[in-house]
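Structure, as structure tokens:
The values are calculated or read from the model by the stated rules, or taken from the named source; none is laboratory data. Note that the structure is a prediction, hence the values are computed from the model and not measured. Glycine also receives a Cβ, built like all others from the backbone with ideal geometry; neighbour counts cover every protein chain displayed. Remember, those area values only see protein heavy atoms, side chains included, never the ligands or the DNA or RNA. Shrake-Rupley method; radii C 1.70, N 1.55, O 1.52, S 1.80 Å.
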Amino acid sequence: MNDLTMLAKAEAADHAASAAMDKWVIVKSAIYTSGERDPREGHERQEARGRLHLMGHDPRLSKMPERPTVLDFFKHRFGPATHLLQSARLAQKNGASEKIVLACLLHDIGNIGFIRADHGYWAAQLVEPYVDEEVAFAIRYHQVLRFYPDESVGYTYPESYIRLFGADFKPEPYVEREYRYALKHKYYMSARLLTVNDLYAFDPALNVELEEFTDIVGRHFRQPKEGLGFDQSPSAHMWRTINWPTRYL
Ligand SMILES: [Fe+2]
Ligand SMILES: [Fe+2]
């Protein structure tokens with residue numbers, strides 16, 4: 001994209017945002033601003049005269065298809081997925097099973113599309129109704145296993161965690177407990193393989209396309225015919241929230 005198209009795009013987005021705010025009262029959920037604001041203060045009051053509270057698609061966002069697939073969420077709602085694509089590619093290169101490749105492809109959708117804190121749990125919960133239990137387990141537990149080395153597969157404590165969290169960082173007791181639980185689980189090695197293929201550093205030169213994984217997703221992700229968010233699975237409401245993140249209710 002050249003500078004002019006970028007500028008035009010940014011201006012169009014600005015315009016859409018102000019047009020949307022003229023028409024709708026759009027309120028952020030407490031969790032979006034908690035920390036920046038003290039949630040006990042409640043949300044900022046907006047002048048509601050002449051405007052309705054948004055109850056559907058946020059016009060500032062790219063419109064999702066009516067029956068969205070998981071790949072549509074990558075295209076319309078998730079942040080840059082380079083890390084996920086490169087991790088999935090690495091798993092393939094290392095000869096991992098298709099289920100592990102899928103787990104790598106989806107493992108950080110918590111961070112890039114929903115909520116960062118406890119991202120492994122959120123991501124696993126999102127996909128659990130649609131994937132094999134091994135895939136969900138690997139995604140859920142990769143988060144805690146990342147903190148613990150396993151020499152049998154050459155996994156050491158990430159250098160980047162020392163930079164990010166400091167040399168003295170100690171995981172919370174629940175993380176330790178979850179690690180002990182995962183260690184004894186029949187799918188321990190699946191989650192461990194995910195951590196092995198969870199790339200620490202992005203390779204800016206390596207371009208991996210989402211489409212490369214269409215077949216694997218097709219074979220191992222049970223896409224609901226109503227579209228993600230519109231079936232009756234236990235995580236449908238979470239997909240709807242990602243689709244319509246600013247609905248008033
Ligand atoms: Fe992660
Ligand atoms: Fe990751």
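Observations
- Residue satisfying all of: in the stretch 205-241; of a type in the set (Ser, Thr, Tyr) and crowded, with 18+ Cβ neighbours inside 10 Å; nearest to Ser160 (Cα to Cα) among these: Ser235
- Failed criterion for Arg67 (all others in (1) modelled with pLDDT of 95 or more; (2) assigned to a helix (DSSP H, G or I); (3) in contact with an Asp or Glu (Cβ under 9 Å, 6 or more places away or on another chain) hold): (2)
- One residue from Arg116, Arg45, Arg40 being surrounded by fewer than 21 Cβ atoms within 10 Å (Cβ to Cβ), more than 16 Å from ligand 2 (Cβ to nearest atom) and not in a helix (DSSP H, G or I): Arg45
- The residues on offer are Ser34, Ser62, Ser18, Ser87, and the sole one that is among the small types (Gly, Ala, Ser), loosely packed, with under 13 Cβ neighbours inside 10 Å and touching a helix residue (DSSP H, G or I) at 6+ places or on another chain (Cβ under 6 Å) is Ser62.
- Check on Ser97, open to solvent by 10 Å² or more (accessible area, probe 1.4 Å) and over 21 Å from the mean Cα position of the chain (by Cα): yes
- Any hit, the stretch 191-204, residues being over 30 Å from Arg60 (Cα atoms), surrounded by 13 or more Cβ atoms within 10 Å (Cβ to Cβ), without any contact (Cβ under 8 Å) to a residue 60 or more places away in the chain and over 18 Å from the mean Cα position of the chain (by Cα): yes
- Each residue in the stretch 94-110 was checked for being within 12 Å of ligand 1 (Cβ to nearest atom) and either without any contact (Cβ under 8 Å) to a residue 12 or more places away in the chain or under 14 Å from Phe137 (Cα atoms) (or both), and 5 of them qualify.
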